[in-house]
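Novice: So that we are looking at the same thing, I have put the structure below in structure tokens.
The values are calculated or read from the model by the stated rules, or taken from the named source; none is laboratory data. Note that this is a predicted model, so its numbers are computed, not measured. No Cβ is skipped: glycine too gets one built from the backbone with ideal geometry, and neighbour counts run over all protein chains shown. Heavy atoms of the whole protein, side chains included, go into the accessibility calculation; ligands, DNA and RNA do not. Shrake-Rupley method; radii C 1.70, N 1.55, O 1.52, S 1.80 Å.
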Amino acid sequence: MATGRLGVGDTLGALNAALGPGGRVWFKETHARHLRVRDFLAPRRALRARFGDEQVPEHVLHAVACLQGPGVAPVLRCAPTPAGLSLQLQRPAVFERVLGSVASYATPTRPASPGPRIVLHCPAVRFSPGTLSLSQLRAVLVADHLARALRAQGMFVHLVPAVQDPHMSTFLQKLRVDWPTASERASIETLKSRVYAGFTSVHDGEKLPPGVLGRLCLKDLVEEQGHRAGYDPTVDNCLVTEDLLSLLAELQKAVQHWPEDSNPSLTVAPDAGEDSCIVVHVVSCEEEFQQQKLDLLWWKLDDQAPHRQKHLVCGPVKVAGVPRTLMTASEYYESRHTQVCKASALKHGGNLAQDPAWTEIFGVLSVATIKFEMLSTAPQSQLHLALADSSISTKGTRSGIFVMYNCARLATLFEGYKCSMEQGLYPPFPPVSSLDFSLLQDEGEWLLLFNSVLPFPDVLSQTVVLTCVAPGLHVTARTEMVCKFLVQLSMDFSSYYNRVHVLGEPRPHLFGQMFARLQLLKAVREVLHAGLAMLGIPPLSHI
């Protein structure tokens, strides 16, 4: 049997190469209706642009039908159709390859060599929960998710600044945000001496606000070639405070003195220097202007400041019927937590909020609700929230509650098999190599494998693509991809689970299909858990 992980990207790359020179033509099907007859399609219009009005050459059809290579899925047939060139895979062989190596599909692809070190700076963590806006909360959640995804890909990531407010630390723990803490501020004496050494520019007779060390002119850096792309032309000067210098000191330390235990499995060349470090400032749209000043101030005061500083600016968060300034992150969490408790009491009966066994579950469900709301929209776009109780339900297929509900259903399924096996109704799970995956013929089974398990590594890789080498100040990220992926996976699993009785009657002639289905759902469970881990959400065994 062939070995190695199959990949959607690898297969698409080989398919496009088989058509000869030119742009990308093939795409992967995702809708159940199309997957009944094909898995990949080269649209007729694209083929006409490539080959003219003539038919696709026979040698090209042959090359596609005989496609092979590392990561390339085995092809069953390729034929011209009214829609274009239609291709179907050898599905039993794909089931066997994927389900015979489940763990590799739930694990991100790691690069052969470590990439640049990345400092993720999110100034919003310096606030307290009672003053943190929803836009700032969004920036914190985006930074946390991005850090998890980057680390899963084997990259060095350092989070700045460390949290000093104990209330903020407790709040982030509630949200399952893994952020470093510190009891003391970084030393600012060196930076302060640079300010006092002549960089201040105080107008005669000007009275500076309390706590301000001086005023620094930044106009020259804005106009300087290489530093001006994307910076607001109105940036003129900056009021330098000890608080600002403290933040700069943390950034300096993160760039110059990388923690030795940041990733013990990888090493960085000793002469890598600051140029191997990328600083990504994850800020709300309200904080962007001030962050631009901080960038320029860093270059002004520190000759060793990294050349690559990028801004990931999160769009505003608007709540239906509530002025944006009237709801804090703390109030938002309490609102969602109350709604989760209320919905659970209606579903299960009783005052579950007083039951210690449900305390952990309510906390996880509240976090799942918030993170799926905040992260399911591309971070650069404006986000609209609806805080009505109706949005907290297992029936709403777009919610974090729905994803966690199906996570619990999977756990219940495997617990049911275990209990039945212990009672002697089912035999122990056989070796995976002995399973007959040709018994997986339901269209929902191929949908789960082809849309969920097989492409999951590609989804994670696309999530962490940061265009840091491109010119300009701003960078984009696809942090909405994991949430959208998990929602679609849950919808496909729910539809399949409601229609197919996986744990059938305990009859020997039915065991082969049952075990093949259980192995498929094991893969779905592994991918679901891995996706939730990227969001910092633990799986639930029941709701």
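Novice: Taking the mean number of other Cβ atoms within 10 Å as a proxy for protection, how do you rank 446-457, 494-505, 77-88 from highest to lowest? Please report the intermediate quantities before stating the final value.
Specialist: Values: 446-457: 22.6, 494-505: 13.4, 77-88: 16.2.
So the peptides 446-457, 494-505, 77-88, ranked by packing, come out 446-457, 77-88, 494-505.
Novice: Is the shape of segment 445-526 best called rounded, prolate or oblate, per the rule: a/c under 1.5 gives rounded, else a/b larger than b/c gives prolate, else oblate, with a ≥ b ≥ c the square roots of the Cα gyration tensor eigenvalues? Spell out each step's value before the answer.
Specialist: Working: a/c = 5.55, a/b = 3.31, b/c = 1.68.
It is prolate, given that a/c is not under 1.5 and a/b is the larger ratio.
Novice: Return one whole number: the accessible area per residue of segment 14-99 in Å², for a 1.4 Å probe. Don't jump to the answer; show the numbers that get you there.
Specialist: Numbers: 4730 Å² over 86 residues.
Per-residue accessible area for segment 14-99 comes out at 55 Å².
Novice: Residues with amide H under 5 Å of Val177's amide H, sequence separation 5 or more or different chain, H placed in the peptide plane at 1.01 Å from N; which?
Specialist: Here the answer is none, since no amide H 5 or more places off falls under 5 Å of that of Val177.
Novice: Right, here's the next one. Can you give me the distance in nm between label points at Ala65 and Ser128, each placed 7 Å from the Cα along the Cα-to-Cβ direction?
Specialist: 7.3 nm
Novice: Work out the FRET efficiency for Glu223 and Gln164 from their Cβ-Cβ distance, taking R0 = 25 Å, and round it to the nearest 0.05. Walk me through the intermediate numbers first.
Specialist: Details: r = 36 Å, r/R0 = 1.43.
The calculated FRET efficiency here is 0.10.
Novice: Based on the Kirkwood radius over alpha-carbon pairs, what is the Stokes-Einstein translational diffusion coefficient of segment 36-171 at 37 °C with 0.692 mPa s viscosity, in µm²/s? Write down the numbers at each step before the final one.
Specialist: On the way: Rh = 19.9 Å.
For the chosen part, D equals 165 µm²/s.
Novice: May I pose another question? Does segment 140-191 come out rounded, prolate or oblate by the C-alpha gyration tensor, with a ≥ b ≥ c the root eigenvalues, rounded set by a/c under 1.5 and, if not, prolate when a/b is larger than b/c and oblate if not?
Specialist: Since a/c reaches 1.5 but b/c is at least a/b, the shape of segment 140-191 is classed as oblate.
Novice: Next question. Apply the Karplus parameterisation 6.51 cos²θ - 1.76 cosθ + 1.60, with θ equal to phi minus 60°, to every residue of segment 295-305 and state each ³J(HN,Hα) to the nearest whole Hz, in sequence, with x for glycine and proline.
Specialist: Karplus-based 3J(HN,Hα) across segment 295-305 equals 3, 5, 4, 4, 5, 5, 9, 9, 5, 9, 4 Hz.
Novice: Based on the mean of other beta carbon atoms within 10 Å per residue, what is the order of 416-425, 118-127, most packed first?
Specialist: Values: 416-425: 12.1, 118-127: 22.6.
So the peptides 416-425, 118-127, ranked by packing, come out 118-127, 416-425.
Novice: Residue by residue through segment 84-97, which ³J(HN,Hα) values in whole Hz follow from phi under the Karplus form 6.51 cos²θ - 1.76 cosθ + 1.60 (θ = phi - 60°), with glycine and proline marked x?
Specialist: Karplus values, whole Hz, x for Gly and Pro: x, 7, 9, 10, 10, 8, 6, 4, x, 5, 5, 3, 5, 5.
Novice: Starting from the Cα gyration tensor of the chain, multiply each eigenvalue by 5, take the square root, and state the resulting semi-axes largest first in whole Å. Walk me through the numbers before you get to the answer.
Specialist: Values: eigenvalues 441, 199, 85 Å².
Ellipsoid half-lengths, sorted descending, are 47, 32, 21 Å.
Novice: Moving on to the next point. May I ask for the angle, rounded to the nearest 10°, between helix 400-422 and the longest principal axis of the chain, with both axes built from Cα atoms and the value confined to 0 to 90°?
Specialist: Taking the Cα atoms of the chain, the angle to 400-422 is about 50 degrees.
Novice: What residues qualify as long-range amide H neighbours of Leu76, i.e. H under 5 Å apart, gap of 5 or more or another chain, H built at 1.01 Å from N?
Specialist: Gln88, Leu89, Gln90
Novice: Tilt of helix 242-256 relative to the longest C-alpha principal axis of the chain, in degrees (0 to 90, nearest 10)?
Specialist: Roughly 50 degrees, rounded to the nearest 10.
Novice: For the chain, with all protein chains present and a 1.4 Å probe, just round the carbon and sulfur fraction of the accessible area to a whole percent. Don't skip to the answer; put the middle values down first.
Specialist: Working: 13250 of 24760 Å².
Carbon plus sulfur share of accessible area: 54 percent.
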